[in-house]
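A quick write-up on the structure given underneath.
The values are calculated or read from the model by the stated rules, or taken from the named source; none is laboratory data. These numbers were taken from a predicted model, which means no experiment stands behind them. Neighbour counts run over all protein chains shown; Cβ positions are idealised from the backbone, glycine included.
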Amino acid sequence: MPISPSDTHDLAVIGAGPAGLAAAVTAADLGLTVALVDAAARPGGQFYRQPAAGLGAARPQALHHSWGAFARRAGRLAAHRTAGRIRYLAEHHVWAVTREAAHWAVHAVRGPDGAGARAEVAARTVLLATGAYERQLPFPGWTVPGVVGAGGAQAMLKAGLVVPGRRIVVAGSGPLLLAVAGSLAAAGATVPVVVEAGGYAGYARAPRTLAANPRKLVEGIGHAAALRRYGVRLRTRSAITAVHGTDRVEAVTLTRLDRDWRPVAGSGLRIPCDALAVGHGLVPQLDLATALGCATRRTPDGTAALVLDGRQRTTVDGVWAAGETGGVGGAELALCEGELAAHDIAGRAPGGVLLRHRDRLRRFAGVMAAAHAPRAGWSDWLRSDTEVCRCEEVTAGRVREAVGDLGARDTRTVKLLTRAGMGWCQGRMCGPAVAHLAGETALEAGRRLLACPVTLGELAREER
Amino acid sequence: MHRPPEPRMKRPRARRPRPTPADLVQAAPGPEFEITLDGRALSALPGQSIAAALWAAGVLSWRTTRRGGRARGAFCGIGSCFDCLATVNGTPNQRACLVPARPGDAIITQEGHGRADLTV
Ligand SMILES: Cc1cc2nc3c(=O)[nH]c(=O)nc-3n(C[C@H](O)[C@H](O)[C@H](O)COP(=O)(O)OP(=O)(O)OC[C@H]3O[C@@H](n4cnc5c(N)ncnc54)[C@H](O)[C@@H]3O)c2cc1C
Ligand code: FES
């Protein structure tokens with residue numbers, strides 16, 4: 001019999017990206033009733049983000065590799081929905097998961113930006129597949145219009161078929177930059193150069209891991225070929241250290257970095273462009289998980305990720321996680337982990353093939369993280385008037401004052417003294433930078449009260 | 001059309017007309033409609049977010065900051081940074097990267113708070 005909204009589901013999956021989608025359809029295949037809850041309007045998450053239906057894209061796969069892997073699962077999702085085994089709740093922003101007497105309650109607000117009515121889902125088990133957001137490191141001029149997140153540019157292109165400029169420099173660190181440059185160029189933008197602060201030499205030092213992941217190699221070679229085809233150059237060990245223009249980007253300055261990412265004096269090169277797409281890897285989105293008390297660990301690239309066992313269980317009984325929440329590793333790994341988690345939740349032993357595949361991809365993710373992890377010297381490119389917190393407009397000078405003169409040693413104290421991280425984004429944009437400037441070593445993993453903004457009215461109703 | 005010179009860069013081999021994002025995915029969008037930004041008419045396509053429609057029109061900022069009064073627009077593109085806040089049909093603090101554009105939407109450059117009945 002189809003599930004009704006008031007029923008307690010066997011499983012609530014939060015996030016319909018590659019991890020959550022794979023988990024939901026696998027769990028339903030194995031006979032569970034599933035609620036699949038996601039903030040976006042369509043399934044697919046960050047990687048399989050598609051043009052809105054009204055845009056009538058005949059070939060959405062032109063913006064993705066491995067489209068088939070998504071299309072097959074989207075087909076299974078449709079079948080399970082028709083059969084009443086999966087309730088797919090799109091445009092549901094989950095702001096908390098709470099433990100009730102006999103089940104988990106998933107609390108959401110509805111609508112494209114979560115301004116709508118409330119909804120609640122009950123389930124016996126929970127899978128957190130909330131993915132990641134982009135890590136940003138501030139630099140002089142990064143608030144000028146035309147400077148956009150690299151993943152953000154990719155997301156806007158995939159969903160809205162738009163690009164932020166005609167001549168776009170792509171910069172930061174991590175393999176996502178290659179994918180972004182390739183798509184922007186294919187969509188008609190000129191991408192003069194991809195500026196990578198780390199390097200790709202680290203991959204060559206792990207030949208066994210590379211050899212064990214042929215698909216990753218092919219993906220890499222694919223990116224390299226695309227960049228050659230569009231005449232995009234790759235500059236490693238370099239960063240953008242200045243943006244020129246006040247109301248719009250007119251040019252950027254590219255500077256060489258030393259091994260610790262300190263800018264090399266006198267190496268600046270001015271590159272004319274009208275947009276800059278930047279990002280320094282990804283940060284797992286852990287708000288719901290940490291609020292539930294799930295333990296975190298520090299990954300090789302310096303972010304926090306969930307501690308998971310070999311079956312994708314978190315440290316909280318009844319709560320599993322898959323995909324980027326357990327450490328950034330890409331869409332293929334997310335699919336694989338989603339299937340693993342679903343098997344365990346359904347009480348089935350997953351096949352050895354799946355387990356080995358996951359372990360291989362996780363090792364590759366480790367190599368990737370180490371090659372692109374920010375090095376301590378990056379903050380030398382900040383000027384004292386560079387804004388670190390975009391929301392509250394707090395400069396590097398003021399953060400350094402709080403640390404140097406007032407003795408702040410962690411993000412929390414800096415926040416209390418300067419308001420950095422107190423704005424709308426709750427420190428998602430400035431968090432990594434403030435932690436670094438404060439010399440913080442302990443993990444301050446996404447400790448936010450709520451995973452998404454909720455109006456005071458909604459909260460008041462909750463308090464009754 | 002003015003194109004800045006490209007020093008030290010190898011040019012692509014063939015010079016074909018520039019493709020557009022719509023060409024890439026062979027899009028046949030529904031009929032375009034009108035929205036306004038500070039009273040100026042712009043066209044949008046069905047399904048585009050407000051931020052996407054503004055980018056398509058070459059507009060990159062539609063908010064000024066509370067303290068410095070500096071121009072801002074979409075940054076993260078996925079709803080996490082809140083830099084893209086706009087006042088849409090009189091309601092302030094809407095994330096333009098998430099809210100779909102609808103025919104007749106009136107977007108107003110949001111100055112500072114917009115309104116302070118804020119949330120968390
Ligand atoms: C902006 C951006 C662009 C990216 N582009 C690419 C790319 O082009 N190529 C590439 O290989 N990788 C890209 N990535 C990396 C991407 O994270 C992985 O490849 C892959 O999508 C990870 O899958 P996932 O299922 O773990 O998470 P995601 O795909 O991130 O899916 C997470 C899902 O959870 C939902 N969610 C999160 N929090 C909540 C909540 N509180 N309530 C309800 N729903 C929630 C989100 O809406 C999303 O649909 C990008 C990442 C980002 C942040
Ligand atoms: S661009 Fe970041 S929230 Fe809209």
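Filter the range B:6-34 down to the residues that are modelled with pLDDT of 50 or more, assigned to a loop (DSSP other than H, G, I, E, B) and more than 7 Å from chain A (Cβ to nearest Cβ), then identify the one that is nearest to the chain's Cα centre (by Cα).
B:Glu32
Given the conditions (1) surrounded by fewer than 23 Cβ atoms within 10 Å (Cβ to Cβ); (2) more than 8 Å from every other protein chain (Cβ to nearest Cβ); (3) more than 16 Å from ligand 2 (Cβ to nearest atom); (4) within 21 Å of A:Leu161 (Cβ to Cβ), report the number of the one that B:Pro46 does not fulfil.
Among (1) surrounded by fewer than 23 Cβ atoms within 10 Å (Cβ to Cβ); (2) more than 8 Å from every other protein chain (Cβ to nearest Cβ); (3) more than 16 Å from ligand 2 (Cβ to nearest atom); (4) within 21 Å of A:Leu161 (Cβ to Cβ), the lone unmet condition for B:Pro46 is (2).
Would you say A:Leu127 is within 14 Å of ligand 1 (Cβ to nearest atom) and closer than 29 Å to A:Ala305 by Cβ?
yes
Got a number for residues in the range A:18-36 being surrounded by 24 or more Cβ atoms within 10 Å (Cβ to Cβ) and touching a Leu at 6+ places or on another chain (Cβ under 6 Å)? It would help to see each step written out before you state the result.
Our first condition is that a residue be surrounded by 24 or more Cβ atoms within 10 Å (Cβ to Cβ); within the range A:18-36, this holds for A:18-28, A:34-36.
Okay, now just the ones that are also touching a Leu at 6+ places or on another chain (Cβ under 6 Å), so A:18, A:22-25, A:27, A:34.
Within the range A:18-36, residues that are surrounded by 24 or more Cβ atoms within 10 Å (Cβ to Cβ) and touching a Leu at 6+ places or on another chain (Cβ under 6 Å) number 7.
Residues checked against (1) within 14 Å of chain B (Cβ to nearest Cβ); (2) charged (D, E, K, R):
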{"position": "A:Ser4", "(1), (2)": "no, no"}
{"position": "A:Asp7", "(1), (2)": "no, yes"}
{"position": "A:Ala12", "(1), (2)": "no, no"}
{"position": "A:Ala24", "(1), (2)": "no, no"}
{"position": "A:Thr33", "(1), (2)": "no, no"}
{"position": "A:Ala41", "(1), (2)": "yes, no"}
{"position": "A:Gly56", "(1), (2)": "yes, no"}
{"position": "A:Arg59", "(1), (2)": "yes, yes"}
{"position": "A:Trp67", "(1), (2)": "yes, no"}
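Does the range A:214-224 contain any residue that is within 11 Å of another protein chain (Cβ to nearest Cβ) and surrounded by fewer than 24 Cβ atoms within 10 Å (Cβ to Cβ)?
no
Only one of these is more than 9 Å from ligand 1 (Cβ to nearest atom) and at pLDDT below 95: A:Ala74, A:Ala78, A:Ala69. Name it. Don't jump to the end; show me each part of the working.
Numbers: A:Ala74 fails: at pLDDT below 95; A:Ala78 fails: at pLDDT below 95.
Only one candidate qualifies: A:Ala69.
Under 7 Å by Cβ, and 6 or more places apart or on different chains, what pairs join a residue from the range A:312-330 that is outside the structural domain of A:Ala291 (by TED's automatic domain parsing) with one that is among the acidic types (Asp, Glu) and part of a helix (DSSP H, G or I)?
Cβ pairs passing all conditions: none.
Output the number of residues of the range A:313-330 satisfying the condition of being within 12 Å of ligand 1 (Cβ to nearest atom) and either of a type in the set (Ser, Thr, Tyr) or touching a strand residue (DSSP E or B) at 6+ places or on another chain (Cβ under 7 Å) (or both).
7
What do you reckon, is A:Arg228 of a type in the set (Lys, Arg), surrounded by fewer than 18 Cβ atoms within 10 Å (Cβ to Cβ), at pLDDT below 95 and not in a loop (DSSP other than H, G, I, E, B)?
yes
Could you run through the range A:144-169 and say how many residues are more than 7 Å from chain B (Cβ to nearest Cβ) and in a strand (DSSP E or B)?
3
Among the residues of the range A:110-128, which ones are closer than 25 Å to A:Thr314 by Cα and in contact (Cβ under 8 Å) with a residue 40 or more places away in the chain?
A:Val121, A:Ala122, A:Ala123, A:Arg124, A:Thr125, A:Val126, A:Leu127, A:Leu128 - these are the residues of the range A:110-128 that are closer than 25 Å to A:Thr314 by Cα and in contact (Cβ under 8 Å) with a residue 40 or more places away in the chain.
Given the structure, is A:Pro300 in contact (Cβ under 8 Å) with a residue 24 or more places away in the chain and touching a strand residue (DSSP E or B) at 6+ places or on another chain (Cβ under 9 Å)? Write out each step before concluding.
Numbers: in contact (Cβ under 8 Å) with a residue 24 or more places away in the chain: yes; touching a strand residue (DSSP E or B) at 6+ places or on another chain (Cβ under 9 Å): no.
No.
Restricting attention to the range B:72-88, does a residue exist that is within 9 Å of chain A (Cβ to nearest Cβ) and charged (D, E, K, R)?
Yes, the conditions are met somewhere in the range B:72-88.
Within the range A:135-150, can one find any residue that is under 26 Å from B:Arg70 (Cα atoms), small (Gly, Ala, Ser) and away from ligand 2 (no atom under 16 Å from the Cβ)? Talk me through it step by step, then tell me what you get.
The initial filter retains those residues of the range A:135-150 that are under 26 Å from B:Arg70 (Cα atoms), namely A:135-150.
Those still in the list that are small (Gly, Ala, Ser) too: A:141, A:146, A:149-150.
Those left that are additionally away from ligand 2 (no atom under 16 Å from the Cβ): A:141.
Within the range A:135-150, one or more residues are under 26 Å from B:Arg70 (Cα atoms), small (Gly, Ala, Ser) and away from ligand 2 (no atom under 16 Å from the Cβ).
Would you check if A:Arg298 is at pLDDT 95 or above, more than 16 Å from ligand 1 (Cβ to nearest atom) and away from chain B (no Cβ under 14 Å)?
no
Within the bounds of the range A:392-407, is there any residue that is surrounded by fewer than 23 Cβ atoms within 10 Å (Cβ to Cβ), hydroxyl-bearing (Ser, Thr, Tyr) and at pLDDT 90 or above?
Within the range A:392-407 (the criterion being surrounded by fewer than 23 Cβ atoms within 10 Å (Cβ to Cβ), hydroxyl-bearing (Ser, Thr, Tyr) and at pLDDT 90 or above), the answer is yes, since at least one residue qualifies.
So, in the range B:64-78, how many residues would count as being surrounded by fewer than 24 Cβ atoms within 10 Å (Cβ to Cβ) and either in contact (Cβ under 8 Å) with a residue 40 or more places away in the chain or near ligand 2 (Cβ under 6 Å from one of its atoms) (or both)?
4
Just to check your reading of the model, which residue among A:Gly141, A:Gly172, A:Gly202, A:Gly198 is in contact with a strand residue (DSSP E or B) (Cβ under 7 Å, 6 or more places away or on another chain), more than 7 Å from chain B (Cβ to nearest Cβ), more than 30 Å from A:Val319 (Cα to Cα) and at pLDDT below 95?
The conditions single out A:Gly198.
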